[in-house]
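**Student:** Please find one structure pasted underneath; my questions will follow.
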Amino acid sequence: MQEDSNYAGRWVARIRGKIVAQGGTPEQALHAAQSSRHKEKPEIIYMPIQFPHPPLLDNVRDALPDDEIYLVGGAVRDMLLNRLSRDFDFAAPSGGISLARRVASALDANFMILDEQRDTGRVIVMGENDSRTYLDFATYRGGKRLEDDLRARDFTINAIAYDLRNNSLIDPLNGAEDIRAKIIRFCSPASLTDDPIRILRGVRLAASFDFKIDLVTRTAMKDAASLLPNVSPERQRDELFKILEGPKPDSSMRALEMLGVFPHLMPELSAMKGCEQSLPHVYDVWEHTLKVLGHLEAILAALESGSGGDDPFLTMLINSLGKYRERFESHFTESLNTDRSVRAALFFAALVHDVEKPATKTVDESGRIRFFDHDVQGAKVASMRGHKFNLSNDEIGRIKKIIFNHMRFHFFTMQLEDKKREPTRKSIYRFFRDAGESGVDLILLGLADLRGTRDHTLTQENWKAALDVSGILLENYWEKREETVAPPRLLDGNDLIKELNLDAGRIIGQLLEAIREEQAVGNIVTREQAIQFATNWLVEDRKSEIENRKSP
């Protein structure tokens, strides 16, 4: 019946076959009916709704045939959005760890105690290509009832339960309706004050699903922003990095700034807003940064899909660098940390690459604004923030290299555009020597930085020069690696000590680096040439030392 379809996914009260009330739970439907038909006893039934049902849920139900168990949170939301989830949270009145152990045994999966105090256990189901699906089992939070558990959650779209026993939804806060309306709404005003990290999570969810944050919820987020320092640095970091590696990082950062988050999360970003820049920049430092994040996302999306869409600059990008799409994909599948991606580190570097421009700003006699050493100082600030966020040493090292070296790409581009000079083999070698694997990130950031700098004033000539430089650098990195980027060593330190009768010391490292650079240029090919070069280098070094001693 058409009337029935209007209540899909809801509990309804029927009297003599007619629906007289409805609610998100059986109790809500009954209460609504009794308020208008208090003398009659209604029939409470669930109106089914069609949505994907992961087979894994049947396996869990079969493993716990007599237990009251509910799927809750994001996995239910994803089912209603027809999205695949690999994280399933289950709630039960008691015995979370015991339930997890029984499911792990039935599924022949791995088991671990996640939180003994909160009675939470985890089951890890291994799939194809070493994929993992996580099943977490916990006792109700917030009270002894399922509804108390749901009301204690963050947002209504995550406060829906799915009853494995009868395939029905329990939705006391009308989260399914908010999903249909594409709205992020808090479960209660205490949702944000109890756990301020939910401010960042709400922004992330809005970007991920293209939802709008309810006005009352936005106001509460702004009011609770000052409580963010009460959250551990690790949780701050994790939510921020999830935002940065997700969709619309530029819009998300703008939202966080408007909500007043950064003075309490990353105060070093606040000074960027309103910091003017001279041409060719068309935006202040903060707006430029947001544009860079947006263009970086668009560049990676174009390389991933192989299409520039209706953007002529992205089409030029694909025509120039599209042959390296698989190489880029491989680059971003590498890991600096098991919990965070290379992509997230790159976007974090993009967020803070100009963070020290306000502190290094100068204005010369002509009125031109300059930011001397903002790259060097910015790398130091990024390192400081990385340590406060407890990033790994590998992550901090990668981010520092990106920020410290990010102006080199622009130098190469200006040299090619203004003087028709391509990067030399020596400069290519030094670029990757200093940048290492972050050289690929530097190229991508450089392209995004150029678009974020010039925006609507960017010409195809500007862009072609940048793409030509990118092509030269990437060709050497991925196709001519042993020629210009990492020539094989012809000698080691022991060889130099033996052949040239030297003592161990810093000069050995200097000689080895000088030899390798000459290999990259093409001046040294054989071991004998390397020894002869080292001999001549020592003679010149000693001459220079003598001249320096004679100088007053």
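**Student:** Mind checking whether some residue in the range 470-477 is more than 20 Å from Gly522 (Cα to Cα) and assigned by TED's automatic domain parsing to the domain that holds Glu326?
**Tutor:** yes
**Student:** Which ones in the range 318-350 are closer than 14 Å to Val440 by Cβ and exposed (fewer than 15 other Cβ atoms within 10 Å of the Cβ)?
**Tutor:** Within the range 318-350, Glu326, Glu329, Ser330, Thr333, Glu334 meet the criteria.
**Student:** Of (1) among the polar types (S, T, N, Q); (2) closer than 24 Å to Arg132 by Cα; (3) in a loop (DSSP other than H, G, I, E, B), Ser307 satisfies all except one. Which?
**Tutor:** Going through the list (1) among the polar types (S, T, N, Q); (2) closer than 24 Å to Arg132 by Cα; (3) in a loop (DSSP other than H, G, I, E, B), Ser307 breaks only (2).
**Student:** Every residue in the range 275-333 that is closer than 20 Å to Leu346 by Cβ, charged (D, E, K, R) and touching a helix residue (DSSP H, G or I) at 6+ places or on another chain (Cβ under 8 Å), please.
**Tutor:** Lys291, Glu297, Glu304, Arg325, Arg327, Glu329
**Student:** Would you say Glu68 is in the same structural domain as Pro93 (by TED's automatic domain parsing) and either in contact (Cβ under 8 Å) with a residue 60 or more places away in the chain or assigned to a loop (DSSP other than H, G, I, E, B) (or both)? Break it down into steps so the answer makes sense when it comes.
**Tutor:** Values: in the same structural domain as Pro93 (by TED's automatic domain parsing): yes; either in contact (Cβ under 8 Å) with a residue 60 or more places away in the chain or assigned to a loop (DSSP other than H, G, I, E, B) (or both): yes.
Yes, satisfied.
**Student:** OK, next. Contact list please: Cβ distance under 7 Å, first residue in the range 108-123 and without any contact (Cβ under 8 Å) to a residue 60 or more places away in the chain, second residue among the hydroxyl-bearing types (Ser, Thr, Tyr), pairs at least six apart or on different chains.
**Tutor:** Qualifying pairs under 7 Å: Leu114/Thr120; Asp119/Thr139; Arg122/Tyr134.
**Student:** Give me a count of the residues in the range 102-137 that are part of a helix (DSSP H, G or I) and aliphatic (A, V, I, L, M).
**Tutor:** Within the range 102-137, the subset part of a helix (DSSP H, G or I) is 102-107, 128-130.
Narrowing further to those that are aliphatic (A, V, I, L, M): 103-104, 106-107.
Within the range 102-137, residues that are part of a helix (DSSP H, G or I) and aliphatic (A, V, I, L, M) number 4.
**Student:** Looking only at the range 463-487, filter to residues that are in contact (Cβ under 8 Å) with a residue 12 or more places away in the chain and assigned to a loop (DSSP other than H, G, I, E, B); which one of those is nearest to His410 (Cα to Cα)?
**Tutor:** Ala486
**Student:** For the range 149-166, which positions are surrounded by fewer than 20 Cβ atoms within 10 Å (Cβ to Cβ) and either among the polar types (S, T, N, Q) or part of a helix (DSSP H, G or I) (or both)?
**Tutor:** Selection gives Arg151, Asn166.
**Student:** Does Ser232 meet the test of being over 30 Å from His295 (Cβ atoms) and crowded, with 21+ Cβ neighbours inside 10 Å?
**Tutor:** When the stated conditions are applied, Ser232 does not pass them.
**Student:** Any idea which of (1) within 22 Å of Ala138 (Cβ to Cβ); (2) not assigned by TED's automatic domain parsing to the domain that holds Arg145 is the one Gly9 doesn't satisfy?
**Tutor:** Failing condition for Gly9: (1).
**Student:** Take the residues of the range 31-47 that are within 17 Å of Ala8 (Cα to Cα) and of a type in the set (A, V, I, L, M): which is surrounded by the fewest Cβ atoms within 10 Å (Cβ to Cβ)?
**Tutor:** The selected residue is Ile45.
**Student:** Which of (1) in a helix (DSSP H, G or I); (2) over 19 Å from Leu135 (Cα atoms) is the odd one out, the single condition Arg61 does not satisfy?
**Tutor:** With (1) in a helix (DSSP H, G or I); (2) over 19 Å from Leu135 (Cα atoms) applied to Arg61, the lone miss is (2).
**Student:** Take the range 351-380 and flag every residue that is over 24 Å from Leu240 (Cα atoms) and surrounded by 20 or more Cβ atoms within 10 Å (Cβ to Cβ).
**Tutor:** Result: Phe371, single match.
**Student:** Mind telling me which of the residues Met272, Met221 ends up being farther than 21 Å from Phe186 by Cα and touching a residue at least 12 places away in the same chain (Cβ under 8 Å)? Break it down stepwise before answering.
**Tutor:** Numbers: Met221 fails: farther than 21 Å from Phe186 by Cα.
The conditions single out Met272.
**Student:** Here is a further query. Here is a list: Leu200, Leu173, Leu169, Leu192. Which entry is assigned by TED's automatic domain parsing to the domain that holds Gly74, part of a strand (DSSP E or B) and crowded, with 22+ Cβ neighbours inside 10 Å?
**Tutor:** Only one candidate passes the filter, namely Leu169.
This table checks each residue for (1) surrounded by 21 or more Cβ atoms within 10 Å (Cβ to Cβ); (2) touching a Gly at 6+ places or on another chain (Cβ under 6 Å); (3) not assigned by TED's automatic domain parsing to the domain that holds Ala181.
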{"site": "Ala21", "(1), (2), (3)": "yes, no, yes"}
{"site": "Arg77", "(1), (2), (3)": "yes, no, no"}
{"site": "Arg83", "(1), (2), (3)": "no, no, no"}
{"site": "Asp87", "(1), (2), (3)": "no, no, no"}
{"site": "Leu99", "(1), (2), (3)": "yes, no, no"}
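**Student:** Collect the residues in the range 341-378 that are polar (S, T, N, Q) and part of a strand (DSSP E or B), keeping them in residue-number order. Give the derivation first.
**Tutor:** The first filter runs over the range 341-378 and keeps only residues polar (S, T, N, Q), leaving 341, 360, 362, 366, 377.
Matches in the range 341-378: Ser341, Thr362.
The values are calculated or read from the model by the stated rules, or taken from the named source; none is laboratory data. In this text the structure is predicted, and so the values were computed from the model without any measurement. All Cβ positions, glycine included, derive from the backbone under ideal geometry; neighbour counts span all protein chains shown.
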